[in-house]
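The values are calculated or read from the model by the stated rules, or taken from the named source; none is laboratory data. Bear in mind that the values here come from a model prediction, so they are computed numbers and not experimental data. Cβ placement follows ideal geometry from the backbone for every residue including glycine, while neighbour counts extend to all protein chains displayed.
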Amino acid sequence: MGAFLDNVDLVIIAIGALVGISASLLGTFLVLRGASLYSDAISHSILLGIVLVYLISGDVHSPYQVVGAALAGLATVYLSELLGASKRVKQDAAIGLVFPALFALAVLLINLYARDVHLDEHAVLLGELAFAWLDVVPVGSLEVPRSLLTMGIITVVNALFVTLFYKELKLAVFDAGLAHALGLKPRLLFYALLLLTSVTAVGAFDAVGAILFVTFVIVPPAAAYLLTDRLWLVLLGGCLIAVMSSVLGFHAAMYLDVSIGGMMATITGLLLALAFLAGPRYGLIARFLRLRQQRVQAHVRMLLVHLYTHEHEAEAEMENVPRALEHHLRWSPRLSRAVTAIAQQQGLITVEPAGQRLHLTEQGRRMAQEVLEPWRRI
Amino acid sequence: METVWDVLTDFTVRNALLGALLLGTLSGVLGTFAVLREQSLLGDALSHAALPGICIGFLVAGSRQLWPLALGALVVGAAAAWCVLLLTRHSRLKSDASVGVVLSTFFAGGTVLLTYIQNQQLPGQAGLDSFLFGQAAAMLPSDLWAMGAVAAVGIGLVLVFWKEFKLVTFDPGFARSLGWPVRLLEGVLTSMIALAVVIGLQMVGVVLMVALIIAPAAAARQWTQRLETMVLLAALFGAASGAAGTLVSLVRPGLATGPLIVLCATGIAALSLLLAPRRGVVWRAVQRRRTRAEVESGRVLVDLLQLARAHGDENYASAQGMINAVYGADAQATLVRLEKEGLVRPVAPEHGTGRHWHLTPAGQEAARRLLEGRRDGREE
């Protein structure tokens, strides 16, 4: 344990990973519910809670911070929902009205009353993971970095929350109406989720800053969601992506000499882009290939039907030749050649004599029949 | 002694004030379209995406002039908007998640670039992070010219394509059926949000810019149903918050202009939400009270008339207890109000206790009309 704590690199990576895990556990449900931008709103407005608690208690690290920030976070969500429910403005505009105002107020209060403390708005926005290990608290005989400790506790709490209320959260996200009818109180659960999000944001803001925290809430679950349909896999995948981002981000940041938290967050974005492009089922490339495959198959079926219709007619000599495809199906010569070759390859047609007459094989005939008369499936 | 005039004509102050006016006007006009097209939070994404744009602009140009930075912000902002569109259209993410993903990763990229620039000790980079919150005092006349040019482009586009933008905003399906290039027009409208962001960089900064896009437009929406009026009002509100925020920031050194402008804009929005005629919360509450009073009066009048008729005399005075029983609740307040309107009159009881009330001729007339209206209504 002591050896681990002495390894600054490992500690920094661990803090980043813990922020990522705790954030994406909650973020999964926010993303799926379509409420992910509340995390953006919360991460800004907790600054107001932090400033107010500081002004009252005079201590940047007082435990009441958590309370103040949580209240500020909930107030943001409540105000936004209230404003949206009043129908005077749309829901998205409501969010955009509330949190900048609270954030602006916080910045102003810092400007006025808290100029010289470690509470400047830049640190709040960006955080500084590189120095997180300097601030230590004694635990037993060990000196544990404060961020590591708080993020560890928060991760455990979030994991417990998600495990204990897994069923309820799942139902509340996918079918709030049913959850309500069963007496599960989805709204209360939602507010509990946002309360934990606020608390996590406070814990994370020392380490990675408010806006990078938003990245960890939204991006890993979103990336995992692009890869799988199972909820528990989204949760797990989100955590994995968060850990990967932390490790990769740290090394990239060291190499390029840039902000560690920023690099970790950027990596999550890159991983999402990768999932978006190369995901097995929903990825852009996979979908493109599937589409092309389907297009080819559609053409093959069209060819089979064409041959089948004219098979026993007098015009078969005219119709069932490669040239006719260009005239009657309006295919380009290249397409005709390609489709004929594929159909031949799949054993659906034969070309005899070579390059002149197209004949259906038994299998090809069956397939054409199935297209034309699907109800007579044999 | 320093007079108000001296302050207002001071070089820095005048620059800041002009900048704020320009910014407020433009973001009001462009924000109107963003809010109506439900793209408010896209504004948030675009303003955060301006940070990497600024950094790239700086890296390319090698100096802290506004022009290249603004151009960088505009280009990267447009790229961010395109990414949001791509994710929304071609992935299973909902639009909020797409916005969130783009917003946060672009900003993260921005912080990486920012620290890269800082750690490379490149010359002239000092104060690049002032774009996070804006720095009105650092406004130069050349910046003003740049802002003015951008604003002219933005407002000019709105004027030239007024009809097109209006239709695309309210009924894109119809616009498409007319054969208009709807995608292109929507793209232009979205890029114009990036334009508003660019112009706000110097004054308000990337973090709070979203408020200036949403708040004036949301405020203007409460006062009118017409797009023309809404755009003008939003421009007015935006300019007013810009000016007010700048002036308040002069009261004490160290007061940041950006947050103050944002708070002014939000204040105007809050007041509009509360007070605007027809839509305002207070207005509605007053209206509801009035309607309720009307309904209550009507019911008490009709009850009184029916009670009197049951006694074969329309001038019959009913005991208040009886009225309460028929009315189903305490009618005291309503009776007092009706008395003030001269529709009922209290009389001393001939027998029994408590107050008695009878209808005045005017009250009988009113009650009869209500009763007939009610009957007509039932027959329909």
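When the stretch A:257-273 is examined, which residues are found to be without any contact (Cβ under 8 Å) to a residue 12 or more places away in the chain and either under 20 Å from B:Gly100 (Cα atoms) or part of a helix (DSSP H, G or I) (or both)? Break it down stepwise before answering.
Step one: filter the stretch A:257-273 for residues without any contact (Cβ under 8 Å) to a residue 12 or more places away in the chain, giving A:257-258, A:270, A:273.
Correct list: A:Leu270, A:Ala273.
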Legend entry - Tally of residues being closer than 15 Å to B:Ala215 by Cα and out of contact with any Ser or Thr (no Cβ under 6 Å at 6 or more places or on another chain) across the stretch A:80-102: 9
Inset, instruction - Among the residues of the stretch A:221-245, write down those that are touching a Leu at 6+ places or on another chain (Cβ under 8 Å), more than 9 Å from chain B (Cβ to nearest Cβ) and not hydrophobic (A, V, I, L, M, F, W, C). - result: A:Gly237, A:Gly238, A:Ser245
Legend entry - Number of positions in the stretch B:206-240 that are more than 19 Å from B:Phe170 (Cα to Cα) and outside any helix (DSSP H, G or I): 3
Legend entry - Matching residues, the stretch B:136-174, being surrounded by fewer than 20 Cβ atoms within 10 Å (Cβ to Cβ) and outside any helix (DSSP H, G or I): B:Leu140, B:Phe161, B:Asp171
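Let's see how each residue does on (1) surrounded by fewer than 23 Cβ atoms within 10 Å (Cβ to Cβ); (2) under 20 Å from A:Val214 (Cβ atoms); (3) outside the structural domain of B:Ala196 (by TED's automatic domain parsing):
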{"residue": "B:Cys55", "(1), (2), (3)": "no, yes, no"}
{"residue": "B:Ala78", "(1), (2), (3)": "yes, no, no"}
{"residue": "B:Ser95", "(1), (2), (3)": "yes, yes, no"}
{"residue": "B:Val102", "(1), (2), (3)": "no, yes, no"}
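Could you tell me whether A:Arg365 is surrounded by 15 or more Cβ atoms within 10 Å (Cβ to Cβ) and over 30 Å from B:Leu114 (Cα atoms)?
On the way: surrounded by 15 or more Cβ atoms within 10 Å (Cβ to Cβ): yes; over 30 Å from B:Leu114 (Cα atoms): yes.
Yes; evaluated as a whole, the condition is true for this residue.
In this structure, is B:Ala175 in the same structural domain as B:Leu86 (by TED's automatic domain parsing), small (Gly, Ala, Ser) and closer than 15 Å to B:Leu22 by Cα?
Details: in the same structural domain as B:Leu86 (by TED's automatic domain parsing): yes; small (Gly, Ala, Ser): yes; closer than 15 Å to B:Leu22 by Cα: no.
No; evaluated as a whole, the condition is false for this residue.
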Inset, instruction - State whether one or more residues within the stretch B:47-55 are of a type outside the set (Phe, Trp, Tyr), within 14 Å of chain A (Cβ to nearest Cβ), over 27 Å from the mean Cα position of the chain (by Cα) and over 21 Å from B:Val153 (Cβ atoms). - result: yes
Inset, instruction - Could you please let me know if B:Ala269 is touching an Asp or Glu at 6+ places or on another chain (Cβ under 7 Å) and either among the β-branched types (Val, Ile, Thr) or part of a helix (DSSP H, G or I) (or both)? - result: no
Inset, instruction - Can you run down the residue pairs with Cβ atoms below 9 Å, 6 or more apart or on separate chains, where the first is in the stretch B:268-279 and under 12 Å from B:Leu233 (Cβ atoms) and the partner is outside any helix (DSSP H, G or I) and not small (Gly, Ala, Ser)? - result: B:Ala269/A:Val89; B:Ser272/A:Arg88; B:Ser272/B:Arg279; B:Ala276/A:Arg88; B:Ala276/B:Thr224
Inset, instruction - Tell me which of these B:Ala310 doesn't satisfy, since it passes every other one: (1) among the hydrophobic types (A, V, I, L, M, F, W, C); (2) out of contact with any Phe, Trp or Tyr (no Cβ under 7 Å at 6 or more places or on another chain); (3) in the same structural domain as B:Asn324 (by TED's automatic domain parsing); (4) surrounded by 13 or more Cβ atoms within 10 Å (Cβ to Cβ). - result: (4)
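Looking at the stretch B:257-280, which of its residues are among the aliphatic types (A, V, I, L, M) and facing chain A (nearest Cβ under 10 Å)?
If the condition is that a residue be among the aliphatic types (A, V, I, L, M) and facing chain A (nearest Cβ under 10 Å), then B:Leu260, B:Ile261, B:Val262, B:Leu263, B:Ala265, B:Ala269, B:Ala270, B:Leu273, B:Leu274, B:Ala276 are the ones that fit.
Whether any residue in the stretch B:11-18 is without any contact (Cβ under 8 Å) to a residue 12 or more places away in the chain, buried (at least 21 other Cβ atoms within 10 Å of the Cβ) and not aromatic (Phe, Trp, Tyr) is what I want to check.
Within the stretch B:11-18, the subset without any contact (Cβ under 8 Å) to a residue 12 or more places away in the chain is B:11, B:14.
Remaining after also requiring buried (at least 21 other Cβ atoms within 10 Å of the Cβ): none.
Within the stretch B:11-18, not a single residue is without any contact (Cβ under 8 Å) to a residue 12 or more places away in the chain, buried (at least 21 other Cβ atoms within 10 Å of the Cβ) and not aromatic (Phe, Trp, Tyr).
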